[in-house]
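The values are calculated or read from the model by the stated rules, or taken from the named source; none is laboratory data. Nothing here was measured: the structure is a model prediction, and the numbers come from that model. Note that each Cβ is placed from the backbone with ideal geometry, even for glycine, and that neighbours are counted across all protein chains shown. The accessibility values were calculated without ligands, DNA or RNA, using every heavy atom of the protein model including side chains. Shrake-Rupley method; radii C 1.70, N 1.55, O 1.52, S 1.80 Å.
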Amino acid sequence: MKLVGLSIDVDSVASHLEGYGFDRPADDGAAYRAAVPRIMNILDSLKARATFFLIGDEARHHPEVVSRIVSRGHEVASHSMTHRLPFAQLTPLELRLEVRGSKLLLEGLAGRQIRGFRAPSWDGNQALLSELAKAGYQYDSSTYPSILQPLLRIAVARRSVSERDRVQQISWRSALGSTRPRVELADGQPIAEVPMCTTPLLRLPYYHTLRFALPNLAFGIIRALAHTRRKWVWYQLHAVDVLGLQEDGLDPRIARHPGMKWSLDKKLELLAKEVRALGRRGAVSPLNELVDASFGARLQATDQPSVERV
Ligand SMILES: [Zn+2]
């Protein structure tokens with residue numbers, strides 16, 4: 001059966017607030033205490049599995065949740081050590097600590113190899129790819145090849161308390177780059193790059209955050225177009241997409257985030273609906289399984305041409 005991918009960025013409410021320019025408050029723990037179990041219950045009920053991208057410094061406070069993610073058949077991958085922004089502007093040493101520190105820490109918590117990485121705010125570049133390859137990662141999922149990427153970042157900046165910083169995170173290289181999953185060579189090491197899933201031609205992101213901002217019909221068109229991709233259909237969400245502003249007693253400043261005005265029940269229903277729709281296209285699986293199915297042997301070898309595509 002064809003595999004389709006699903007991934008979840010497990011960012012705390014605190015790290016989202018930092019993304020909106022606030023000084024990072026203490027983590028309320030809701031992402032691990034409430035959101036991850038809710039997502040896993042929905043996935044279990046639909047026989048779906050996924051990749052959970054975890055921030056090392058947050059995951060270390062919830063070792064039992066990390067164990068449960070693994071024991072229920074999901075993949076644990078790295079979403080950096082501290083989720084510092086703007087990630088592409090870290091010094092080489094800071095970048096190395098984020099990449100290697102999170103890998104070591106999460107491997108200790110998960111009890112298995114950490115193979116995938118997603119940069120905070122999809123803020124990846126060639127320096128990151130080289131660092132990941134050297135650290136022994138097998139895939140990166142940090143590029144956002146959609147013209148909507150700069151527009152959505154401007155929208156975030158307009159809701160942010162430090163607009164200029166957020167606008168600096170626009171990456172035209174990523175926005176205009178290839179939409180295809182591929183194997184690249186970084187310092188002689190092969191590493192897979194898995195960009196955000198976008199629709200053919202118009203490059204609209206197939207992305208749950210956008211789901212809250214669009215009418216059903218408009219998002220249904222994006223879903224249908226994304227599902228026409230011949231290979232590699234996958235969907236992306238955030239842990240906060242299943243947190244309720246009132247129900248979970250969240251910091252009221254997070255009300256500016258898409259979907260935060262929705263009731264928790266409605267958000268849970270929406271996620272189940274989207275995972276069910278994805279499941280009609282194939283077996284909903286973690287990204288590492290799609291990487292293995294497409295590129296398995298090539299990631300072991302080193303005598304590759306500079307870029308290979310599917
Ligand atoms: Zn994040």
Residue pairs within 8 Å by beta carbon, gap of at least six or interchain, first lying in segment 211-222 and of a type outside the set (A, V, I, L, M, F, W, C), second open to solvent by less than 50 Å² (accessible area, probe 1.4 Å), listed first then second, are Arg211/Phe219; Arg211/Gly259; Arg211/Leu270; Arg211/Glu274
Here are the criteria: (1) of a type outside the set (Lys, Arg); (2) away from the ligand (no atom under 15 Å from the Cβ); (3) free of Cβ contacts under 8 Å to residues at least 40 places away in the same chain. Tell me which single one Asp28 does not satisfy. (3)
Looking across segment 1-24 at residues that are more than 14 Å from the ligand (Cβ to nearest atom) and modelled with pLDDT under 95, the single one that is surrounded by the fewest Cβ atoms within 10 Å (Cβ to Cβ) is Met1
Conditions first: (1) modelled with pLDDT of 95 or more; (2) open to solvent by less than 10 Å² (accessible area, probe 1.4 Å); (3) more than 16 Å from the ligand (Cβ to nearest atom). Leu128 passes all but one, so which condition is the exception? (3)
Segment 36-54 residues that are within 14 Å of Asp11 (Cα to Cα), paired with ones that are in a loop (DSSP other than H, G, I, E, B) and open to solvent by less than 70 Å² (accessible area, probe 1.4 Å) (beta carbon under 6 Å, 6 or more apart): Thr51/Pro286; Phe52/His74; Phe53/His79; Phe53/Arg118; Leu54/His79
Does segment 133-149 contain any residue that is away from the ligand (no atom under 16 Å from the Cβ), over 25 Å from Cys197 (Cα atoms) and outside any strand (DSSP E or B)? yes
I'm checking my understanding of the structure. Among residues of segment 89-109 that are open to solvent by 30 Å² or more (accessible area, probe 1.4 Å) and of a type in the set (S, T, N, Q), which one is nearest to the ligand (Cβ to nearest atom)? Gln89
Of (1) within 16 Å of the ligand (Cβ to nearest atom); (2) within 30 Å of Leu132 (Cα to Cα); (3) surrounded by fewer than 22 Cβ atoms within 10 Å (Cβ to Cβ); (4) at pLDDT 95 or above, Ala283 satisfies every one except (1)
For the structure I just gave you, tell me whether Ile39 is under 20 Å from Ala277 (Cβ atoms) and surrounded by 23 or more Cβ atoms within 10 Å (Cβ to Cβ). yes
Condition first: assigned to a helix (DSSP H, G or I), of a type outside the set (A, V, I, L, M, F, W, C), open to solvent by 30 Å² or more (accessible area, probe 1.4 Å) and within 16 Å of the ligand (Cβ to nearest atom). Now tell me which residues in segment 57-88 satisfy that. Asp57
I'd like to know if segment 157-179 contains one or more residues that are modelled with pLDDT of 90 or more and surrounded by 15 or more Cβ atoms within 10 Å (Cβ to Cβ). yes
Examine segment 46-53 for a residue that is over 17 Å from the mean Cα position of the chain (by Cα), open to solvent by 10 Å² or more (accessible area, probe 1.4 Å), modelled with pLDDT of 95 or more and closer than 27 Å to Val233 by Cβ, and state whether such a residue exists. yes
